[in-house]
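Here is the structure we will look at.
The values are calculated or read from the model by the stated rules, or taken from the named source; none is laboratory data. In this text, all values refer to a predicted model and were calculated from it rather than measured experimentally. Positions of Cβ are generated from backbone atoms using ideal geometry, with glycine treated the same way; all protein chains shown enter the neighbour counts. For the accessible areas, the whole protein counts, side chains as well, though only heavy atoms, and no ligand, DNA or RNA atoms are used. Shrake-Rupley method; radii C 1.70, N 1.55, O 1.52, S 1.80 Å.
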Amino acid sequence: MASSPLNIGLVGFGTVGSGVARILNESAELIAARAGQPVQIRHIVIRDPGRARDHLPAGVTPSDSIDGILADSETSLVVQLIGGTDTAYDYIQKFLAAGKDIVTANKALLYEYGVDLFRQAAADGRTIGFEAAVAGGIPIINVVNQALTGNRINALEAILNGTSNFILTEMLDRQQSYENALAQAQELGYAEADPAMDVDGTDAAQKLAILTWLAFGTEVSLTDCVQRGIDNLQLTDLQVAGELGYKIKLLATARVNEDRLELSVQPTLLRVDRTIAQIDGPDNIIAVYGDFVGKTTYSGAGAGQLPTASAVVADILDYATGRAAATFPSILRSTAGPSLQVQPPEELSRRYYLRLTVEDRPHVLADITDVLGRHEISISLVRQDETPEENDDGLASLVIMTHRTTEGKLRAADMELNQLPAVHGACIRLPVAD
Ligand code: HSE
């Protein structure tokens, strides 16, 4: 006798939602075999149900209301793939209250309300699958929640935003402007609806916060994290870094330093021979350091329709097979230990790359090195390319590499540097990962 199907309510039919519909359709037999029952989309909820869309499943009429799902006792799983937080939170609460299990890819929602929602779901005996919320197609949630649970995790080092990584790669490899590379990332479906979240580091910081809760049992907010984006980098930074033997990547780090948690998301210089420096295009990478296993590394597509949809489909299968019911409750147990204190950002210690646009006249370099010296920042390299005698704008680009110093000293020096009359525009400062 054929088993009855697993009916899904799909909320959101954008890039990822239509990718899920495509996989469920194209791999229907394989998925049915793995689930032990056919898996079908029974409801689709979208803002504008009249608009034509690719991969709409036959026989499903989209609606702009979730009421049909709430009222349908034969639809037990809701796959919610909308962005934003308020409506998304409201919907999930209603679905949980109606006894539905959830799969979501919404990392902004989980960053803001995840712990509450997980508690509510666990209390009601429901599950929330969220593999697609962090690092697209890379199964990093599974790694942290299940595969490495025999370890205490000491550090995570990662590239978590595909759009930024794509932009940095395009700029350097094709000598593209930042704006062109961003437009291309949007066309290819990597970027968020508001790409500011991708390029200013917010998307990566939210993902890091989710991983930090899972890996260290510590709830953090974006204000705990040193956060800088790639939006003020220029091609020259990528080129000069390359000439000095480094690649610039938007590096997300969570590390336990003497019982305190270091958190940062910033464009960072990494030596070109490091694996993490070699991750290009929209790919992500996460290196996880466990106390017994050592370092393990996971890389692959961190953004894009089908890689992200593949993670959603894995969550659907986890629900269908009962794996989600077995593993979801353990998340709250694993994260229940004492929280770590977050290290104040001013104390983070690194080497730094600085680039300043300065007037090309006597004593400017002396004024700059004086500011750095007074803040006990020691210089390891100064580079100013020779400017032509007829230097039209009278400006020069100055690159300084420092010895190890703290974020606090550098912030204080930066404020003074920006007040020097000879310094034009903001100083670019990027840490170096040693
Ligand atoms: N916009 C994200 C990125 C993908 O570029 O990585 C979804 O998290």
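A single member of Leu398, Leu365, Leu381, Leu356 is in a strand (DSSP E or B) and either open to solvent by 50 Å² or more (accessible area, probe 1.4 Å) or modelled with pLDDT under 95 (or both), and it is Leu381. Total residues in the stretch 127-150 satisfying the condition of being away from the ligand (no atom under 16 Å from the Cβ) and open to solvent by less than 20 Å² (accessible area, probe 1.4 Å): the figure is 5. All of (1) free of Cβ contacts under 8 Å to residues at least 24 places away in the same chain; (2) away from the ligand (no atom under 16 Å from the Cβ) hold for Gln120 with one exception: (1).
Taken over the stretch 151-205, the criterion of being polar (S, T, N, Q) and either on the phi > 0 side of the Ramachandran plot or near the ligand (Cβ under 9 Å from one of its atoms) (or both) is satisfied by Asn161, Thr163, Ser164, Asn165, Gln175.
Give the residue, chosen from Glu170, Glu112, that is in the same structural domain as Thr202 (by TED's automatic domain parsing) and part of a helix (DSSP H, G or I). Give the steps one after another, and end with the answer.
Values: Glu112 fails: in the same structural domain as Thr202 (by TED's automatic domain parsing).
Result of the check over Glu170, Glu112: Glu170.
Determine, yes or no, whether Thr85 is surrounded by fewer than 22 Cβ atoms within 10 Å (Cβ to Cβ) and among the hydroxyl-bearing types (Ser, Thr, Tyr). Spelling it out, Thr85 is indeed surrounded by fewer than 22 Cβ atoms within 10 Å (Cβ to Cβ) and among the hydroxyl-bearing types (Ser, Thr, Tyr). If you check Ile92 against the conditions, is it at pLDDT 95 or above, under 14 Å from Ile210 (Cβ atoms) and assigned to a helix (DSSP H, G or I)? In short, no. For Gly229, the criteria (1) away from the ligand (no atom under 16 Å from the Cβ); (2) part of a loop (DSSP other than H, G, I, E, B); (3) in contact with a Ser or Thr (Cβ under 8 Å, 6 or more places away or on another chain) hold in every case but one, which is (1). Any residue at all in the stretch 90-109 that's assigned by TED's automatic domain parsing to the domain that holds His43, hydroxyl-bearing (Ser, Thr, Tyr), over 21 Å from Gly217 (Cα atoms) and loosely packed, with under 15 Cβ neighbours inside 10 Å? No, that holds for no residue.
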